[in-house]
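First comes the structure, then the notes that go with it.
Bear in mind these aren't lab numbers, they're just calculated from the coordinates by the rules spelled out. Remember, it's a predicted structure, so these values are computed and weren't measured experimentally. Positions of Cβ are generated from backbone atoms using ideal geometry, with glycine treated the same way; all protein chains shown enter the neighbour counts.
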Amino acid sequence: MGRKFTKIDEEFICENCGEKIEKLGYTCRDHCNHCLYSKHVDINPGDREETCHGLLEPIMVELDSKKGYVIVYRCQKCGAIRKNKAADDDNMDLIIKLTARN
Ligand SMILES: [Zn+2]
Ligand SMILES: [Zn+2]
């Protein structure tokens, strides 16, 4: 037990670029696959318990040997740093651009 993980996979409209984001299918969709922005809504992944609701801005991407691409976010409202695994259909050009930054 220990680690909380709730799977919520749902469609949403991205608050940064306005694109309609489809369900991901294999895991929970937690960010926009066009501009990579996410929202500060989780304390533990998928729990939607966070009350901040600020926009999470992708500031860089790390390449993890096990997880693959991991997007590092900073919340535009409270400044919290969050990390999310990139999805299969994410905007690869943007991921590569953000990877080159570190
Ligand atoms: Zn977007
Ligand atoms: Zn926040």
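Computed values, structure above
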read-out: Exposure proxy ranking, count of Cβ atoms within 10 Å, fewest first, for THR27, THR51, THR99; value: THR51, THR27, THR99
read-out: Vicinal HN-Hα couplings computed from phi for the range 21-31 (Karplus, 6.51 cos²θ - 1.76 cosθ + 1.60; Hz; Gly/Pro x); value: 9, 6, 4, 8, x, 8, 7, 6, 6, 10, 7
read-out: Radius of gyration and maximum dimension Dmax of the range 12-99, Cα, Å; value: 12.1, 33
read-out: Within a Gaussian network of the chain (alpha carbon springs, distance under 10 Å), most fluctuating of TYR37, TYR69, TYR26; value: TYR26
read-out: Net charge dipole size for the range 12-99 [Lys, Arg +1 and Asp, Glu -1 on Cβ; Debye, nearest 20]; value: 160 debye
read-out: GNM result for the chain, Cα springs below 10 Å: residue of ASN16, ASN84, ASN44 fluctuating most strongly; value: ASN44
read-out: Positive dipole terminus of the chain, leading residue within LEU24, SER65, CYS14 (C-beta point charges); value: SER65
read-out: Cα-Cα over 22 Å, subset of LYS23/LYS66; LYS39/LYS77; LYS39/LYS66; LYS20/LYS66; value: LYS23/LYS66; LYS39/LYS66; LYS20/LYS66
read-out: Ranked HIS53, HIS40, HIS34, criterion: other C-beta atoms within 10 Å, fewest first; value: HIS53, HIS34, HIS40
read-out: For the chain, built as a Gaussian network whose Cα springs stay under 10 Å, the top-fluctuating residue of ARG48, ARG82, ARG29; value: ARG48
